[in-house]
Amino acid sequence: MLLEISDMRVHYGKIEALKGISLEVDEGEIVTLIGANGAGKTTTLKTISGLRPVSSGSIRFQGKNITKVPGHKRVLLGIGQSPEGRGVFPGMTVHENLLMGAYARKGDLSKDLEEVYGLFPRLAERKTQFGGTMSGGEQQMVAIGRALMTKPRVLLLDEPSMGLAPLLVAQIFDIIREINRRGTTVLLVEQNASQALQLAHRAYVLETGQVLKSAPAADLLNDPEVRAAYLGGDLGQPEEETSETG
Ligand SMILES: Nc1ncnc2c1ncn2[C@@H]1O[C@H](COP(=O)(O)OP(=O)(O)O)[C@@H](O)[C@H]1O
Ligand SMILES: [Mg+2]
């Protein structure tokens, strides 16, 4: 198991945001966390990357207990995060933003930069443009590219499709699939549950700081409770119900 979270509790002051979450991510998987606003998705990712402390429970990465390891060291171990709201440095160029992802690494970065620019040709065209003047979708690409420059074994993505037009959402999801195909494990948080479930291998449904369900993503796409609560009917009817005309 690459990442193993056991009975993790996290508080903001007296508010218990995570009430004993357990989840696992295996090498090579795309795992998605879905759930309504406030369910605890962002808190889960922030706690994995070390931005929030746990109150109890444990986080294991590659078999090692990292619950007490500070965030900047977790990056070096291979936990890379693209944060909610992107966090692109507005006054730095696209190229400088990407280099920030690798600031703690030594050695030749040209091959890694080439790979990121290969994944995001748009960024290659805009190397010298300031981050703050990029569109929402482009900033999302910068944020993912910067996280990739940390050379993560697991890439944590918090709502990469937020605020993007449908065409761009599809592009971002294609790129996530490609990143995974090239060997990076992905833990994806999404409100866009239908697309996330179509992309992921497995999924966890979070509700008010707890895991409500976990299953192969394909099973959740056909789960009536999940469909009613999170998919809003935007996938149409499940296949077995649409073949009435025979
Ligand atoms: N900085 C904070 N201070 C206090 N409460 C917070 C803070 N951030 C998140 N919370 C609370 O923690 C819970 C989980 O939030 P969050 O992890 O952001 O959920 P999600 O990403 O699923 O929308 C919510 O009830 C939210 O109000
Ligand atoms: Mg969130």
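The values are calculated or read from the model by the stated rules, or taken from the named source; none is laboratory data. On a predicted model such as this, the values are computed, not experimentally measured, just so you know. Reconstructed Cβ throughout: ideal geometry from the backbone, glycine too, with neighbour counts over all protein chains shown. Just the protein is used for accessible areas: all its heavy atoms, side chains included, with ligands, DNA and RNA removed. Shrake-Rupley method; radii C 1.70, N 1.55, O 1.52, S 1.80 Å.
Here is the figure for region 148-181: residues that are within 16 Å of ligand 2 (Cβ to nearest atom) and either surrounded by fewer than 19 Cβ atoms within 10 Å (Cβ to Cβ) or of a type in the set (A, V, I, L, M) (or both) total 5. So which residues in region 1-13 are open to solvent by 10 Å² or more (accessible area, probe 1.4 Å) and either within 16 Å of ligand 2 (Cβ to nearest atom) or under 13 Å from LEU156 (Cα atoms) (or both), if there are any at all? Scanning region 1-13 gives a single hit, TYR12. Selection of region 48-81 for residues being open to solvent by 70 Å² or more (accessible area, probe 1.4 Å), touching a helix residue (DSSP H, G or I) at 6+ places or on another chain (Cβ under 9 Å) and away from ligand 1 (no atom under 16 Å from the Cβ) yields GLN62, LYS64.
Considering (1) open to solvent by 30 Å² or more (accessible area, probe 1.4 Å); (2) in contact (Cβ under 8 Å) with a residue 40 or more places away in the chain; (3) more than 16 Å from ligand 2 (Cβ to nearest atom), the lone condition that ALA36 does not fulfil carries the number (3). The sole residue among GLU27, GLU16 that is more than 16 Å from ligand 2 (Cβ to nearest atom), surrounded by fewer than 19 Cβ atoms within 10 Å (Cβ to Cβ), in contact (Cβ under 8 Å) with a residue 60 or more places away in the chain and more than 28 Å from ALA218 (Cβ to Cβ) is GLU16. Filter region 182-206 down to residues that are closer than 16 Å to ARG227 by Cβ, away from ligand 1 (no atom under 12 Å from the Cβ) and not small (Gly, Ala, Ser) and give me whichever is surrounded by the fewest Cβ atoms within 10 Å (Cβ to Cβ). Filtering region 182-206 for residues that are closer than 16 Å to ARG227 by Cβ, away from ligand 1 (no atom under 12 Å from the Cβ) and not small (Gly, Ala, Ser), the one surrounded by the fewest Cβ atoms within 10 Å (Cβ to Cβ) comes out as GLN198. Listed conditions (1) in contact with a Gly (Cβ under 6 Å, 6 or more places away or on another chain); (2) part of a helix (DSSP H, G or I) are all met by GLU114, apart from (1).
Once region 82-109 is narrowed to residues that are assigned to a helix (DSSP H, G or I) and open to solvent by 30 Å² or more (accessible area, probe 1.4 Å), the residue that is nearest to LEU51 (Cα to Cα) is MET100.
Can you tell which of GLY137, GLY163 is within 16 Å of ligand 1 (Cβ to nearest atom) and modelled with pLDDT under 95? The match here is GLY163.
Applying a threshold of 8 Å to beta carbon distances and a minimum spacing of six or more residues, or different chains, the list of pairs starting in region 61-74 at a residue that is at positive phi and ending at one that is assigned to a helix (DSSP H, G or I) and hydrophobic (A, V, I, L, M, F, W, C) reads GLN62/LEU77.
Residue by residue, here is whether (1) among the hydroxyl-bearing types (Ser, Thr, Tyr); (2) in a strand (DSSP E or B) holds:
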| position | (1), (2) |
| --- | --- |
| SER6 | yes, yes |
| ALA17 | no, yes |
| GLY28 | no, no |
| THR44 | yes, no |
| THR47 | yes, no |
| GLY57 | no, yes |
| LYS68 | no, no |
| HIS72 | no, no |
| GLY80 | no, yes |
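Within region 75-129, the residues that satisfy the criterion of being at pLDDT 95 or above and of a type in the set (Ser, Thr, Tyr) are THR93, TYR117, THR128.
Going through (1) closer than 21 Å to GLU84 by Cα; (2) at pLDDT 95 or above one by one, ASP26 falls short only on (1).
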